[in-house]
Amino acid sequence: MGYTTDFESEFKVIPALTKEHMEYLTKFSETRRMKRDPEIVGMLPDPVRETVSLNVGTDGEYFVGGSKDFGQDSEEVLIMKIFAGAIYKAKRGKIYDKEKPRYNCFIPEHTFEKDEFYMVDCWPCDKEGNIHPGYNYSAIPVSPNDLGEMIDRGDGYDD
């Protein structure tokens, strides 16, 4: 789920920007603004940003080197906030009970930043949020890196 907002206007900058700064600002305006892991994006090619001598920023906010839609290359680049009660698809190969592949999702017990914990408590569930029958009373430890795409916001989601 996503959205795009377009703004049209103009303003004058004095003194005029250099060609390199114009190129960077154009690329910046075409790139999705979101938190990214600065250690990861710092290792990715980003020649337009480097030409104007900018670092990647505290949360990767100055990164413009992505090549896919809106510079959004891969979820590993993001610093994701994981929400309690939301349903996350398990990443490929990370299903908790291979004998019951229907339960290929997780519901986190607490809201947290993806890089905040090494393991987090989650309930294995199906895509509708039905908890695995063997884990109704106790969440299990799951690596945040095993949580994939959010497929349902649940009650814990809070922008």
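The values are calculated or read from the model by the stated rules, or taken from the named source; none is laboratory data. Keep in mind that what you see is a predicted model, and the values were worked out from it rather than measured. Here the Cβ positions follow ideal geometry from the backbone for every residue, glycine too, while neighbour counts run over all protein chains shown.
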Region 76-131, subset modelled with pLDDT under 85 and of a type in the set (S, T, Y), residue farthest from V56 (Cα to Cα): Y96
Just checking, which of D59, D46 is more than 30 Å from I151 (Cβ to Cβ) and at pLDDT 75 or above? D46
How about region 28-43: which of its residues are surrounded by fewer than 17 Cβ atoms within 10 Å (Cβ to Cβ) and touching a helix residue (DSSP H, G or I) at 6+ places or on another chain (Cβ under 8 Å)? E30, R32
